[in-house]
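The values are calculated or read from the model by the stated rules, or taken from the named source; none is laboratory data. Here the structure is a predicted model, which is why all the values come from computation and not from measurement. In this analysis, Cβ positions are derived from the backbone assuming ideal geometry, glycine residues included, and neighbour counts consider all displayed protein chains. Each accessible area value is taken on the protein alone, full model and side chains, heavy atoms only, with ligands, DNA and RNA left out. Shrake-Rupley method; radii C 1.70, N 1.55, O 1.52, S 1.80 Å.
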Amino acid sequence: MTRPRIALLNAAHEAEGNRRNFRRELDADLTEFHLPTGQYPETFEFDGAVVTGSRASVYWDEEWIAPTKEWVDEAIDRGLPFLGVCYGHQLLADVLGGTVEDMGEYEIGYRTVEQDGDSVLFDGIDDDFTVFTTHSDSVAELPPGAERLAANDYGVHGFRKERVFGVQFHPEYDMDTAAEVTVGKEGQLSEERIQSVLDGITPENFDAACEAKQVFDNFLAFVDRVDADGTATAAAEDAVASDD
């Protein structure tokens with residue numbers, strides 16, 4: 001089987017940690033574009049695309065965000081499969097006509113998410129599963145025609161619209177990344193809350209959250225069922241039908 005060609009849209013301002021985590025988890029031929037430095041794909045000749053997390057908000061006026069949305073919008077129109085993680089999840093929802101808003105609080109740490117129903121993205125994952133989260137924005141309103149796939153008391157944690165998937169949580173995180181991001185919230189969260197989250201970054205919680213890493217293989221399996229020219233194979237169409 002040919003390894004899928006994936007455009008990795010790295011939205012992190014400090015790219016290295018994101019690069020390491022996604023390259024470890026995605027078994028694909030990745031071409032990376034560091035969005036905050038103005039790197040964008042010049043072609044749509046990929047089998048799929050992944051949009052990563054970022055400290056940015058989709059409604060910020062940073063100069064790289066509008067061109068990113070333009071490329072993503074056209075790529076979706078061309079039928080390119082997408083997976084968005086955290087900021088990427090929000091950006092995809094925004095491009096598709098959903099609403100992203102500041103929650104007025106942080107969700108951070110290992111949390112439980114519940115599936116809303118069967119989805120190819122969550123094949124092999126328990127109905128209730130553990131994830132690491134860190135975000136203060138959320139998808140307040142899904143795009144028209146989108147299906148909510150997972151949620152918890154903080155809001156939407158997964159959605160799908162046709163070939164576009166988004167997850168609010170961070171399946172790519174290792175323990176070091178989780179701790180680094182948590183410490184980075186100094187000045188935004190109380191010392192007590194930061195310490196509480198750090199205390200929860202244990203091998204047991206990390207092992208539980210590793211189940212959610214299956215979303216990467218599931219997404220790549222979906223990509224593999226879609227022809228490179230954007231025309232769904234019979235298998236892909238069957239997968240879409242069974243997921244509705």
| field | Cα gyration tensor shape for the stretch 50-108, rounded if a/c is under 1.5, else prolate or oblate | value | prolate
| note | Rounded to the nearest 10 Å², the 1.4 Å probe accessible area of Tyr59 is 110 Å²
| query | What nm distance separates the two modelled labels at Ser136 and Lys213, each placed 7 Å from Cα along Cα→Cβ? | reply | 3.0 nm
| request: May I ask you to list the lysines whose Cα is less than 24 Å away from that of Lys213, ignoring any residue fewer than eight positions away on the same chain? | output: Lys161
| request: Would you kindly work out the equivalent ellipsoid of the chain from its C-alpha gyration tensor and give its semi-axes, the square roots of five times the eigenvalues, largest first in whole Å? | output: 27, 20, 17
| task | Roll a 1.4 angstrom probe over the protein heavy atoms and tell me the percent of accessible area of the chain that is carbon or sulfur. | result | 43 percent
| remark: Spelling it out for Leu149: with amide H atoms placed in the peptide plane at 1.01 Å from N, the residues 5 or more places away or on another chain with amide H under 5 Å from its amide H are Gly158, Phe159, Arg160
| field | Whole-Hz ³J(HN,Hα) from phi, Karplus 6.51 cos²θ - 1.76 cosθ + 1.60, for the stretch 201-210, glycine and proline x | value | 8, 10, x, 5, 5, 4, 4, 5, 6, 5
| task | Express the accessible area of the chain per residue in Å², computed with a 1.4 Å probe while the remaining protein chains stay in the model. | result | 45 Å²
